[in-house]
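The values are calculated or read from the model by the stated rules, or taken from the named source; none is laboratory data. Not measured: the values here are computed from a predicted model. Positions of Cβ are backbone-derived with ideal geometry, glycine not excepted, and every protein chain shown enters the neighbour counts.
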Amino acid sequence: MTPAPSAAGRLDEMAIRALPKAEVHVHLEGTFELADLLELSKAAGQPLPGPAHTLLDASGGLSDFLRFLDWECGLVRTPEQAARLAYRFAARESGSGVRYADVIVNPTHWNGWRDRLPALFDAFAHGLAEAEQDGLAVVNLCVSLLRQQGPEEAAELVDWVLRDRPDRVVALSIDGNEAAAGRTGPKFAAAFTRARDGGLHRTVHAGESSGPEGVWDAIRYLHAERVDHGVRAVEDPELVDYLAGSGITLNVCPRSNLHLGLYPDLAGHPLAALRAAGVRVTVNTDDPAPLGTRVEAEWAVCAEAYGWTMADLRELAAASIAASFAPDELKAELAAELGRP
């Protein structure tokens, strides 16, 4: 049963920002702010696809949104621009009190870099290293496949990562439109097995436009340590029990789910029910710029909707740290700061 809204109302976002925490489901492609887009379009000599004040209007469906990501990433032409984008991401995370983030990057959106992928990831790593030196959030990279790609392309990407070990790349991911691509777990099983055997972490988008079967495939075929979204697991009691017993985390993005019409409102969203069933969950922003959100805002609206207290949010912060792919020493440091063993 969904808890009733808190009588105390919305928790103070300043208090939420003060909690040491991680964000583990956010796409770099979804963090371009309006100022970034204006600067990049001017530098590229490219006209805007519409009025400036509507650029971040994410009113279309998922396919339209993915095409928008292709356009904006195509504006990034130089290593300096890529490094600056990564630096600004770390700064924005720090502004929300995020101390560590695993950020997803899907190379298929970065049209101008297809023949120079190592240079793109080197630039990201340079910007993130500068940010860390300046005292901002520690950020690592999850390189992501697109569901519409084939197994050969997946193998090439994994081979590159395992051969060159690009700085700050810690995980293999997969994202994209599940409804358009159909079942993809078996297709990418070999690539994810090779990633696991090569020491890469695995995080998989599933259980959003697919049902529980997508989450099962992520576990059985792709060796998922975390499932991004995963909310439709609630439709399968056996899967819920398995998730609760295994400790596999669902990295939930409530506002994103509502925007895409998965659920009508937070009262109808399964986040609270999953948490009450013992499933480990984290709350994240997914694509914060077009969705108009930040980590502390997501946590605050969920606390208001479900009657969560600061004690609940401390548990959420602890879950985010434990689920992250941060180095063990940083995890221990953040857990100790939070007051958790």
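Inspection of the range 257-267 finds no residue satisfying the criterion of being free of Cβ contacts under 8 Å to residues at least 40 places away in the same chain, at negative phi and buried (at least 22 other Cβ atoms within 10 Å of the Cβ).
Each row is one residue, and each column tells you yes or no for (1) touching a residue at least 40 places away in the same chain (Cβ under 8 Å); (2) within 30 Å of G307 (Cβ to Cβ); (3) part of a loop (DSSP other than H, G, I, E, B).
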| site | (1), (2), (3) |
| --- | --- |
| V26 | yes, yes, no |
| F32 | yes, no, yes |
| D36 | yes, no, no |
| P49 | no, no, yes |
| L56 | yes, no, yes |
| S63 | yes, no, no |
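Filtering the range 145-156 to residues that are outside any strand (DSSP E or B) and either touching a Phe, Trp or Tyr at 6+ places or on another chain (Cβ under 7 Å) or more than 20 Å from R183 (Cα to Cα) (or both) leaves P151, A154, E156.
Residue-by-condition table, conditions (1) touching a Leu at 6+ places or on another chain (Cβ under 7 Å); (2) at pLDDT 95 or above:
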{"site": "L62", "(1), (2)": "yes, no"}
{"site": "R77", "(1), (2)": "no, yes"}
{"site": "P107", "(1), (2)": "yes, yes"}
{"site": "L117", "(1), (2)": "no, yes"}
{"site": "F124", "(1), (2)": "yes, yes"}
{"site": "E130", "(1), (2)": "no, yes"}
{"site": "L145", "(1), (2)": "yes, yes"}
{"site": "D159", "(1), (2)": "no, yes"}
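Do we find a residue being assigned to a loop (DSSP other than H, G, I, E, B) and either closer than 28 Å to A336 by Cβ or β-branched (V, I, T) (or both) anywhere in the range 296-308? Yes, some residue in the range 296-308 is assigned to a loop (DSSP other than H, G, I, E, B) and either closer than 28 Å to A336 by Cβ or β-branched (V, I, T) (or both). Set side by side, the residues R280, R232, R220 differ, and just one is farther than 22 Å from R147 by Cβ, in contact with a Gly (Cβ under 8 Å, 6 or more places away or on another chain) and of a type outside the set (S, T, N, Q), which is R280. Scanning the range 70-82 for residues that are out of contact with any Ser or Thr (no Cβ under 9 Å at 6 or more places or on another chain), part of a helix (DSSP H, G or I) and surrounded by fewer than 21 Cβ atoms within 10 Å (Cβ to Cβ) gives W71, P79, E80, Q81. Residues that are acidic (D, E) and within 14 Å of A195 (Cα to Cα) do occur in the range 158-167. Exactly one residue out of A244, A272 is in contact with a Gly (Cβ under 6 Å, 6 or more places away or on another chain) and either in a helix (DSSP H, G or I) or under 22 Å from P290 (Cα atoms) (or both), and it is A244. Restricting A90, A101 to those that are touching a strand residue (DSSP E or B) at 6+ places or on another chain (Cβ under 7 Å) and not in a helix (DSSP H, G or I) reduces the list to A101.
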